[in-house]
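Colleague: This is the structure I want to talk about, given as structure tokens.
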Amino acid sequence: MKDILLFMSDQHSPLFSGWGSELVDTPNLMRLRSEGTSFEAAYTSCPLCVPARMSMLSGLLPGKTGIFTNNDTLSSQIPCFTHALTAAGYETVLIGRMHFIGPDQRHGFTKRLAFDMTPTGWNRPVEQLKKERGDFVRTFGEPWCTDVVGGGESPVLHYDDQIVETALEYLRQEHEKPQFILVGTYGPHFPYVAPEELYLKYLDKAGIPNFFHNIPHYMQDFDLLKNHCNQEVDENTVKGVYAAYCGMIERMDSQIGQVRDAFLSYTQKKQNGHIFGYLSDHGDQAGERRIFGKQTFFEKSVKIPMIFEGTGLKAGKKVLSPVSIMDLGPTLCELAGTAFCEEADGKSLKNLLTEEESEDFERVIISQFIDTHKDKNQYGIMIRYRECKYISYHGQERFDLLFDLKNDPDETVNIIESFPKLREWFIKIAEHNGNPEEIELEQFRRTRNLNWFRYYEKATGWEETERWADNPPSARGELKITANHRIKSN
């Protein structure tokens, strides 16, 4: 049985890479692409951390898991592909981040060797986080992610160092069972802070993102999307965001190289064959359209990297047909000689990885999200078919979007009015993949339930025993190079 290692970052758009539209030095990922198979049109099932990750593990769309926020989690009775691998004889090892919430911090992983950086309970320990993170405490989320931008130390950089070192130490050891190891780092998720040298390197290359000064015409009256635009950020700050984001990606690439080399050394000793994969949960707009982070269906937010290399896998292959993050479980299970749930929305990509199988350009890829505007939940769906991408939000159908990604990769022009029959076809696909009213009602119920869980957790004295809390005092906001520092230490 082949050993499998998956390196999973957080918030890495493949458009920021050695092969993307925003060039970043990623030699290890470039080597992985040349020695393996890269899926050039891979998409997340939701442009938000927890919904995407729970969807990835279960193989189910967020509309079926019911998870659309970062304050939610899978039922322990929903099988994950990690359960299937465990049943097949694998040791399933989580090293680092997966963003589990609540008592079940495993969901099919038999071991956890390093804790998560995010709070693991229903309640957020705000005062403790302030002590640990200092000026960074709010910059892990929107819209405050641009409040501290620059070069120096950050909690994310220190956390990822620990995760990588834990992985390297584990790979130095001998293990009897076949291994499925998931190494989960937090970068290049904001705070937007990179090591000084890398920050300065990319600051020299930083420009102004697309539509930073003039958002596209189709957003002018679309308040739901305009609500994500940060109107306060100046050019100096957005250049700093670019420099920090690119710097973190190059640093992450180096870590991928370290882990991969150690994994290959480990598997060569066992001589059982190997699979090494890399992906992220979603991307980052990094200032394009004045949007920072994810939570939109634009390419830099919803597109993800997905690359596999290993024994029996094609080398140098580039798959152009769209695929989904939900394909991960079925693919790894079939490569491991077992199977995942038939009802999964994802499908195995094994034949594309191992054979000269024709790509499925007729496949429809779905991503879902619940946006909140004026205290109202509004369900949204993205549908990718061939080179077309359709976006629609419940109650906002007059603002439906259609892009031709082949001729307009920057999503500049909305062509929805020119293709009424195609629009009708997309509407039918959307209707088949979820009832907006039911999904929004379920989200209302889950928000209500969350408050009960929080009260119960407080009453029973929940202790966070699996959250990383080792951020040093030197990484609490005193940057050596500053593009923006809106928060001042007391």
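The values are calculated or read from the model by the stated rules, or taken from the named source; none is laboratory data. Owing to the predicted nature of the structure, the values given are computational and were not obtained by experimental measurement. Cβ coordinates were reconstructed from backbone atoms using ideal geometry, including for glycine residues, and neighbour counts include every protein chain displayed.
Colleague: Have a look at V149, V156 and point out the one that is within 20 Å of the chain's Cα centre (by Cα), crowded, with 20+ Cβ neighbours inside 10 Å and modelled with pLDDT of 95 or more.
Modeller: It is V156.
Colleague: Restricting the first residue to the stretch 443-465 and requiring it to be closer than 23 Å to D116 by Cα and among the hydrophobic types (A, V, I, L, M, F, W, C), which pairs with a second residue that is assigned to a loop (DSSP other than H, G, I, E, B) and at pLDDT 95 or above meet a Cβ separation below 7 Å and a spacing of at least six or different chains?
Modeller: Here the result reads L450/N71; L450/W122; F453/W122; W462/G121, each pair linking the stretch 443-465 to a residue that is assigned to a loop (DSSP other than H, G, I, E, B) and at pLDDT 95 or above.
Colleague: Take the residues in the stretch 198-244 that are buried (at least 17 other Cβ atoms within 10 Å of the Cβ) and of a type in the set (D, E, K, R); name whichever of them is nearest to the chain's Cα centre (by Cα).
Modeller: K239
Colleague: Further question on the same structure: Here is a check on your reading of the model: is R106 at pLDDT 95 or above, within 19 Å of H189 (Cα to Cα), among the charged types (D, E, K, R) and in a loop (DSSP other than H, G, I, E, B)?
Modeller: Considered against the rule, which asks whether it is at pLDDT 95 or above, within 19 Å of H189 (Cα to Cα), among the charged types (D, E, K, R) and in a loop (DSSP other than H, G, I, E, B), R106 comes out as no.
Colleague: Filter the stretch 342-397 for residues that are assigned to a helix (DSSP H, G or I) and either buried (at least 22 other Cβ atoms within 10 Å of the Cβ) or touching a residue at least 40 places away in the same chain (Cβ under 8 Å) (or both) and give the result.
Modeller: If the condition is that a residue be assigned to a helix (DSSP H, G or I) and either buried (at least 22 other Cβ atoms within 10 Å of the Cβ) or touching a residue at least 40 places away in the same chain (Cβ under 8 Å) (or both), then L352, L353, T354 are the ones that fit.
Colleague: Listed residues L422, L402, L479; which is aliphatic (A, V, I, L, M), touching a strand residue (DSSP E or B) at 6+ places or on another chain (Cβ under 8 Å) and in a strand (DSSP E or B)?
Modeller: The unique qualifying residue is L402.
Colleague: Give just the number: which of (1) out of contact with any Cys (no Cβ under 8 Å at 6 or more places or on another chain); (2) surrounded by 14 or more Cβ atoms within 10 Å (Cβ to Cβ); (3) over 30 Å from E196 (Cα atoms) does L422 not satisfy?
Modeller: For L422, the failing item is (1).
Colleague: Ok, one more. Determine if the stretch 463-484 includes at least one residue that is touching a Gly at 6+ places or on another chain (Cβ under 7 Å) and among the β-branched types (V, I, T).
Modeller: There is at least one residue in the stretch 463-484 that is touching a Gly at 6+ places or on another chain (Cβ under 7 Å) and among the β-branched types (V, I, T).
Colleague: Is one or more of the residues making up the stretch 399-418 basic (K, R), closer than 20 Å to S45 by Cβ and under 26 Å from the mean Cα position of the chain (by Cα)?
Modeller: no
Colleague: Looking only at the stretch 172-184, count how many residues are over 24 Å from K294 (Cα atoms) and crowded, with 24+ Cβ neighbours inside 10 Å.
Modeller: Qualifying residue count for the region: 3.
Colleague: For the stretch 220-324, list the strands (runs of 3 or more DSSP E) that sit wholly inside it and hold at least 2 residues that are touching a helix residue (DSSP H, G or I) at 6+ places or on another chain (Cβ under 6 Å); which are they?
Modeller: Because the criterion is at least 2 residues that are touching a helix residue (DSSP H, G or I) at 6+ places or on another chain (Cβ under 6 Å), the strands (runs of 3 or more DSSP E) in the stretch 220-324 that meet it are 274-280, 306-310.
Colleague: Is at least one residue of the stretch 270-287 of a type in the set (K, R) and under 14 Å from the mean Cα position of the chain (by Cα)?
Modeller: no
Colleague: Within the stretch 442-489, can you find the residues that are more than 30 Å from K111 (Cα to Cα) and of a type in the set (K, R)?
Modeller: Correct list: R445, R448, R476, K480, R486, K488.
Colleague: Quick one: T139 ticks every box in (1) surrounded by fewer than 23 Cβ atoms within 10 Å (Cβ to Cβ); (2) within 26 Å of G247 (Cβ to Cβ) except a single one, so which number is it?
Modeller: (1)
Colleague: Check off (1) closer than 27 Å to Y393 by Cβ; (2) assigned to a helix (DSSP H, G or I); (3) of a type outside the set (A, V, I, L, M) for H158 and give me the number that stays unchecked.
Modeller: (1)
Colleague: Check off (1) touching a Pro at 6+ places or on another chain (Cβ under 9 Å); (2) of a type outside the set (A, V, I, L, M); (3) touching a residue at least 24 places away in the same chain (Cβ under 8 Å) for K317 and give me the number that stays unchecked.
Modeller: Failed condition: (1).
Colleague: With of a type outside the set (F, W, Y), at negative phi and surrounded by 11 or more Cβ atoms within 10 Å (Cβ to Cβ) as the only criterion, which of R448, R454 stands out?
Modeller: The conditions single out R454.
Colleague: Now a separate question. So L198 ticks every box in (1) touching an Asp or Glu at 6+ places or on another chain (Cβ under 8 Å); (2) touching a residue at least 60 places away in the same chain (Cβ under 8 Å) but one. Which box is left unticked?
Modeller: (2)
Colleague: Out of the stretch 442-490, which residues are over 26 Å from the mean Cα position of the chain (by Cα) and of a type in the set (V, I, T)?
Modeller: Hits for the stretch 442-490 are T460, I481, T482, I487.
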